[in-house]
1. Order these peptides, 99-108, 217-226, by their mean beta-carbon neighbour count within 10 angstrom, highest first.
2. Please list, in order along the stretch 296-302, the HN-Hα scalar couplings obtained from phi with the Karplus expression 6.51 cos²θ - 1.76 cosθ + 1.60 (θ = phi - 60°), rounded to whole Hz, x for Gly and Pro.
3. Using a Gaussian network for the chain with springs between C-alpha atoms less than 10 Å apart, which of these wobbles most: F331, F48, F269?
4. Would you mind calculating the relative contact order of the chain from Cα pairs under 8 angstrom and at least 6 residues apart, reporting the percent as a whole number?
5. What is the sum of charges, Lys and Arg at +1 and Asp and Glu at -1, for the other residues whose Cβ falls under 11 Å from the Cβ of E229?
6. Taking only Cα atoms and a 10 Å spring cutoff, compute GNM fluctuations for the chain and point out the largest among F240, F98, F188.
7. Quick check: net charge around A309, other residues with Cβ under 10 Å of its Cβ, Lys/Arg +1 and Asp/Glu -1?
8. Using amide H atoms built 1.01 Å from N in the peptide plane, name the residues 5+ places from N160, or on other chains, whose amide H lies under 5 Å from its own.
Amino acid sequence: MTAPRLEINLDKIRHNATTLVESLKLKGISVTGVTKATLGSFEIADVFLESGVHALGDSRIENIESMYRARGPAPMTLIRSPMLSQVQRVVKYADMSFNTELDVIRELSSAARKENRGHGIVLMVELGDLREGVMPRDLGLIVRETLRLPNIVLKGIGTNLACRSGVIPDARNMDELSSLADSIESTFDRSLDIVSGGNSANLQWALGSSSVGRINDVRLGESILLGREPLHRQPIDGLFTDAIVLTAEVIESKVKPSQPWGNIAQTAFGVAAPVTDRGRIAQTIMAIGQQDTDPSGLIPPNGIEILSASSDHLITDSDGRLIPVGTELAFQLNYSALLRSMTSPFVAKVVKTERDNLAASCSQ
């Protein structure tokens, strides 16, 4: 089997998705399964839908088109504000899109009229993370203008937290979103189908709250694929953290000094961090690097410490062991490493199932 490769266990992803869908259903919250880290994998999209997610969400229209062509129609939401240059593709392949700009919504309306179809809009509200979103004081105006546009259906409102600035979803900001939904319905005599509270970072709040207010949707990707919550990257009880692993091959294994020698300048990726002298070490190099993944987001197997990486080499300390050239080592990933590995053409993607081995490695 070729290396490097992502090994994607569909049964473990199914387990993670089903567990979260069922847990959130008890709170009255549906799940939008986010596929953006999977490069529009129709196999993973199918697993999401089989597990009970009510729609698929992706930030790239290219991924939505790919899934549409591979598996046929399914509820699809573009979860990044559409580019003006792509509005025709958006209304053709996505049932809904998240929006913050009236100019874009007007162009979506025009494109939807040409396609003779409706297009759903979720207005995103800024609640502190300072990524996308309409300021709350401006929401009423944008709602009013959106409701006037032909072939556009206002489906709801949403917000996004913990992505740019790390703002934690909590009772305060979720209550504010609920209050905004109530205000819109009261002011415009219009019910909202969707109040989307956020992403995988919302899990701690949603599952730990006695009341979730008006929140009836969350968008989950990282928690399903990696079995971890994004706020502190801790494993989620009962989920697999190894549903996707990155396997790389050893191409050099030698005893070397731990410190470089000679005059030192910048590395290929900027200024190098200071190196602690630990004497001579068993240095193992894998055929993977910055061009393929985020090395800082790899979780190595026991006994392996990642020291650094260049474009094509991952340099590790193998704790005194000389690991034979050709040996393959499997790494778990964080979201950044997964995203970059999935989009690298140099990393193979291998989909597999292991129904008989699910219980063996499920986190307790």
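Computed from the coordinates by the stated procedures, all read-outs in this text should not be read as laboratory data. Because the structure is predicted, anything quoted here is derived from the model rather than measured. Positions of Cβ are backbone-derived with ideal geometry, glycine not excepted, and every protein chain shown enters the neighbour counts.
1. Per-residue mean Cβ counts within 10 Å order the peptides as 217-226, 99-108.
2. Result, rounded to whole Hz: 5, x, 8, 10, x, x, 4.
3. The residue with the greatest mean-square fluctuation here is F269.
4. Taking the mean separation of contacting Cα pairs over the length of the chain, I get 19 percent.
5. Around E229, the charge tally is 0.
6. Highest fluctuation of the listed residues: F188.
7. Numbers: positive: none; negative: D292, D294, D312.
Computed value for this residue: -3.
8. Residues meeting the amide H criterion: V125, L127.
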